[in-house]
Each structure stands twice: as structure tokens, then as C-alpha cells.
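Step one of this worksheet: look at the structure below.
Each value in this text was obtained by applying a stated rule to the coordinates, not by laboratory testing. Note that the structure is predicted; figures quoted are calculated from it, not measured. Neighbour counts are summed over all protein chains in view; Cβ atoms, including those assigned to glycine, are modelled from backbone coordinates with ideal geometry.
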């Protein structure tokens, strides 16, 4: 009898209704954390108070100087080329833009809670060694998403905006951009690149689940690179003549090979646990 057949899940099999109740309970907690953080970013600002010579940051309600609106100002100063001008086309574009930014920030901050609630739901049905290995997924998932968002923020978006400015001036068109389109572009690229950077983690999880062997990832690396460039084509704005697509494709291809290495380590770990 193998080690896996000797292992049993931590809890007995439960009725379907009990599983559904547990799922609703976990989903409600995750959504509540997302809602609370969204309200904080959208309706609250940060100011410093002085107490006995020390400065302390505190939250205070201020829709017009909220954290989300300050992040928008940061995006404008760091991502928008100096010669390009933002305009407000619709009355509520500023509010929609702030809501978009607040949602992204709340998703980033609440991500550990969301992952934890998802983990708490599926963990009782896993074997002991699967629970131990899955714990190593949470931190890499958060770090990879953050790295992908930073990659878009510091590399992809500045290059794209400069290209758009140069091309616009070449055509003799006034370099203007609506605020909502600008924020949507920035947030979409940061979100999609953050998710795309989970590439090696997804590979490792499939190997951990026994769906794809590490040797299969290595043997089919050409398809992996092709898939990386297809993802790059799907998530890129397509405005730089292939420059951004190539940059993202090369980066994701590199992450694919990192995923191959991680998959081999996962298989090695699984073999060690069976001994």
C-alpha cells in the first residue's frame, strides 16, 4: 500500500448542502473584505497628525482627496507624457476612474484574505502532503501578481504612452486623452500582466495535482513559448508595432522556463514525501 492510499483527508465526506453553505460562508467573508477595503480607498484619505513631536498617519473621510484620487494623480505624473493632456469627456468619468483604481487596490490588499478563504474551503478535502505543498502557493501567487503589475507600470505603460504621443504628433493631431480611457488602460494592463505572471505557478500547480508531468513541460517548451506570445498578443494594447508584444512574450517565455524548474522541484518534493 502506497503512502498516498494510506493518507485520508482530514474530515469525513460531508453532504452537498453543507459544502454549499461552507462555500457561501467563505465567499461572503472574502467579498466583505473586498468591500471594506474598497470603501476605504474610495471614500477615505490619509493625513498626518502631530502628537508630542511625532507624526502619525490616520484615515479620515474625504471623497475629494481619497487614496484612490491620490493614486490617479500619481499615475498622471508618472505615466502620462508631459505633452499629452487629459480631458474629462463625461460628467462621472472622474468617479468611475477613482472607483476603478479603488477596486484594483482593494483586490491587491484583500488578495491574501481571498486566497486564505479559498484555501480554508478546499483544504479539508486534501491529503496531508497536498495541504503542506499548497501552503507554499499563497505567497508566490501574491508576489508574482505584484511583479506583473509592476512590470506593466514601470515598463509597458511608459513605452506605450510615449509611442502614442510620438505617433499622434506625427499625424498632426492634438495629443489629448480622456481620463477614463487613461485609467482603464493603466489598470487593465496592470491587472492582466499581474495575472499573466502567474504562468509558472499554474504550471507548478498542474504538476502538483498530477495533471502534467515536469518532463512534459520541458519536452513541449516550444508550445509553451508559443503560448507565452499568444498571451502577450491578447493582453497587449497593440499600439507599438510589436514592441510591447515582444517584450511581454519574452518575459513570459522566461517565466515558462522558471515554471519548468519549479515543476521539477515539485515532483522531487512529492517523491520525497512518498518515501
Nearest 10 degrees is fine. How inclined is helix 199-208 to the longest principal axis of the chain, computing both from alpha carbons? 10
How many angstrom lie between the C-alpha centres of the range 17-33 and the range 45-62? 36
Added length on full extension, which subtracts the Cα-Cα distance from 0.36 nm per residue, residue 216 to residue 155: 18.7 nm
Say we join alpha carbon atoms closer than 10 Å with springs in a Gaussian network model of the chain; which of 49, 164, 186 then has the biggest fluctuation? 49
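Can you give the helix-only mean residue ellipticity at 222 nm for the chain, where every DSSP H stretch with n ≥ 4 adds -39500 (n - 2.57) and the sum goes over all residues, rounded to the nearest 500 deg cm²/dmol?
It comes out at -24000 deg cm²/dmol, rounded to the nearest 500.
Can you give the FRET efficiency to the nearest 0.05 for residue 121 and residue 261, using r as the Cβ-Cβ distance and R₀ = 35 Å?
After rounding to 0.05, the efficiency reads 0.70.
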Would you mind classifying the range 137-256 by shape? Square roots of the alpha carbon gyration tensor eigenvalues, ordered a ≥ b ≥ c; an a/c under 1.5 is rounded, otherwise it is prolate if a/b is larger than b/c and oblate if not. prolate
How far, in degrees from 0 to 90, does helix 221-235 lean away from the longest principal axis of the Cα atoms of the chain, to the nearest 10? 40
Listed residues 153, 50, 167; largest mean-square fluctuation, Gaussian network over the chain with Cα springs below 10 Å, found at 50
Length gain on complete extension for the stretch residue 246 to residue 49, per 0.36 nm per residue less the alpha carbon to alpha carbon distance? 66.1 nm
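Report the FRET efficiency, 1/(1 + (r/R0)^6), for residue 254 and residue 173, where r is their Cβ-Cβ distance and R0 is 30 Å, rounded to 0.05.
Values: r = 37 Å, r/R0 = 1.23.
It comes to 0.25.
Can you tell me, using C-alpha contacts under 8 Å and at least 6 residues apart, the relative contact order of the chain as a whole percent?
20
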If R₀ is 30 angstrom, what is the calculated FRET efficiency for the pair residue 85 and residue 59, using the beta carbon separation as r and rounding to 0.05? 0.40
How tilted is helix 243-274 with respect to the longest principal axis of the chain? Cα atoms for both, answer in degrees (0 to 90, nearest 10). 20
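Which shape class applies to the chain: rounded if a/c is under 1.5, otherwise prolate when a/b exceeds b/c and oblate if not, where a ≥ b ≥ c are the square roots of the Cα gyration tensor eigenvalues? Write down the numbers at each step before the final one.
Working: a/c = 2.58, a/b = 1.40, b/c = 1.84.
The shape class here is oblate.
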